[in-house]
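Worksheet: one structure, shown below.
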Amino acid sequence: MIKYKIFLIGLVFLVVLSCTSNEDKKGRFLLKGNNELKEGNYKGAITYYNEAIEIDPDFKDAFYNRGMAKHQQAKYVEAIADYSQAINIDNSYVPALQQRAMAHLDFGENYKALEDTEALLRINKKDEQAYFIKGLVHAAMKSYEEALGAFKQAIAINPNNAELYINSATVYYYMGHLDAATLDLEKAQKLNLEESKLHNLWSLIHFEKEAYAKALESVEKAIGLDKDQSYYYNNRGLYKLYLDRPEEALEDINLSLKQNNKNYYAIRNKGIYYFKKGDMTLAGKFLNEAYKADPEMPLLSEYLTQVKDRVDSE
């Protein structure tokens, strides 16, 4: 009998030790994955998260972080699946809902993204991030009044977030309300002058006002703060075209396309470059490619009309 009791105690100790060991192991794999994710090694991060999930199939943090790694790889369907699994394990897992909304947005599933923002607001009516994402989704849908409303609600919750004012200003810019955009940008720059998007938007407003040298100066500041944003190079190329520096402009436009070959604004600008060089065939080719992607893109109709007029007159 004594031996039997000792055996039971030993068995319980082994089970507890095993559980503790598994907790430690999955935690270590999660941390290793997080370190790889931080370093930009998404494949390595996913390997570690897989190990953690193999130990614990209900490890929501591992699913969430694996989703983040896949999201960074633009594997949106797989990322959404991982975020969804984390949410299935814990339906109030706010970070997973936020990131799934962003993944839906990136994948073009705007209505699903909105559903996630509504789920977030049911959890917390004062979720600044939920309103922020909601604003981004409506802006992508060109529902500008709704986008402004969402950003204003986020600002009411946190009036010290420069990014909210920048996004509100961006919507005003899209709507052609440059004075309102300027007011929001002035508020943003009082909060954070180190935000690259702030300077990029200033550059766009200067361009609309035909202040091309100021536009170039502002986008240079944006690039100085964030050298990895393809749209900044694209914009710099556009301003150089209008400053009669076409070859420098083409370098920037090609660099932008190298970073993101789906940047249709850069494709439009390449069409403008060839128009200015007098090559109507290539100008028409690139301008029409951009038109197919977004017929409402600024400058497109203007240059397509000029290309047609040149061709008809020859």
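Among the residues of segment 229-259, write down those that are aromatic (Phe, Trp, Tyr), under 20 Å from the mean Cα position of the chain (by Cα) and open to solvent by 40 Å² or more (accessible area, probe 1.4 Å). Tyr231 - this is the single residue of segment 229-259 that is aromatic (Phe, Trp, Tyr), under 20 Å from the mean Cα position of the chain (by Cα) and open to solvent by 40 Å² or more (accessible area, probe 1.4 Å). For segment 287-312, a residue qualifies if it is farther than 17 Å from Tyr242 by Cβ and either in contact with a Pro (Cβ under 7 Å, 6 or more places away or on another chain) or among the polar types (S, T, N, Q) (or both), and the qualifying residues are Asn288, Ser301, Thr305.
If you go through segment 247-263 and keep only what is over 18 Å from Lys227 (Cβ atoms) and either part of a loop (DSSP other than H, G, I, E, B) or modelled with pLDDT under 95 (or both), you end up with Asn261, Lys262. A single entry from Leu183, Leu193 fulfils the requirement of being over 18 Å from Tyr265 (Cβ atoms), modelled with pLDDT under 95 and among the hydrophobic types (A, V, I, L, M, F, W, C): Leu193. Quick check on Asp82: is it of a type outside the set (Ser, Thr, Tyr), under 26 Å from Glu23 (Cα atoms), surrounded by 21 or more Cβ atoms within 10 Å (Cβ to Cβ) and at pLDDT 95 or above? Yes; evaluated as a whole, the condition is true for this residue. Evaluating Thr305 against the criteria (1) in a helix (DSSP H, G or I); (2) open to solvent by 50 Å² or more (accessible area, probe 1.4 Å); (3) touching a helix residue (DSSP H, G or I) at 6+ places or on another chain (Cβ under 9 Å) leaves one unmet condition, (3). Under the condition of being in contact with a helix residue (DSSP H, G or I) (Cβ under 6 Å, 6 or more places away or on another chain), closer than 23 Å to Ala103 by Cβ and open to solvent by 50 Å² or more (accessible area, probe 1.4 Å), the residues counted in segment 145-165 number 2.
Selection within segment 198-215: residues that are over 23 Å from the mean Cα position of the chain (by Cα) and not small (Gly, Ala, Ser). The member of this set that is farthest from Asp252 (Cα to Cα) is Lys209. Of the residues making up segment 167-186, just one is open to solvent by 70 Å² or more (accessible area, probe 1.4 Å) and either touching a residue at least 24 places away in the same chain (Cβ under 8 Å) or in contact with a strand residue (DSSP E or B) (Cβ under 6 Å, 6 or more places away or on another chain) (or both), namely Tyr174. Among residues of segment 1-57 being among the acidic types (Asp, Glu) and open to solvent by 70 Å² or more (accessible area, probe 1.4 Å), the one that is modelled with the lowest pLDDT is Glu23. Within segment 85-101, restricting attention to residues that are of a type in the set (A, V, I, L, M) and surrounded by 20 or more Cβ atoms within 10 Å (Cβ to Cβ), the residue that is nearest to Met141 (Cα to Cα) is Ala101.
Results for (1) among the aromatic types (Phe, Trp, Tyr); (2) within 21 Å of the chain's Cα centre (by Cα), shown as yes or no for each residue.
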| position | (1), (2) |
| --- | --- |
| Glu217 | no, no |
| Asp226 | no, yes |
| Asn261 | no, yes |
| Ala266 | no, yes |
| Gly278 | no, no |
| Phe286 | yes, no |
| Ser301 | no, no |
| Gln306 | no, no |
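The set of residues in segment 111-130 that are open to solvent by 30 Å² or more (accessible area, probe 1.4 Å) and either touching an Asp or Glu at 6+ places or on another chain (Cβ under 8 Å) or under 16 Å from Glu146 (Cα atoms) (or both) comprises Tyr111, Glu115, Glu118, Glu128, Gln129. If you go through segment 31-68 and keep only what is of a type in the set (D, E, K, R), touching a helix residue (DSSP H, G or I) at 6+ places or on another chain (Cβ under 6 Å) and not in a helix (DSSP H, G or I), you end up with Asp56, Asp58.
Quick check on segment 85-109: of everything there that is among the charged types (D, E, K, R) and assigned to a helix (DSSP H, G or I), which residue is modelled with the lowest pLDDT? Per the stated criteria, the residue is Asp106.
The values are calculated or read from the model by the stated rules, or taken from the named source; none is laboratory data. Predicted, not measured: the structure shown is a model, and the values here were computed from it. A quick note on method: Cβ atoms are made from the backbone with ideal geometry, for glycine too, and the neighbour counts reach across all protein chains shown. Heavy atoms of the whole protein, side chains included, go into the accessibility calculation; ligands, DNA and RNA do not. Shrake-Rupley method; radii C 1.70, N 1.55, O 1.52, S 1.80 Å.
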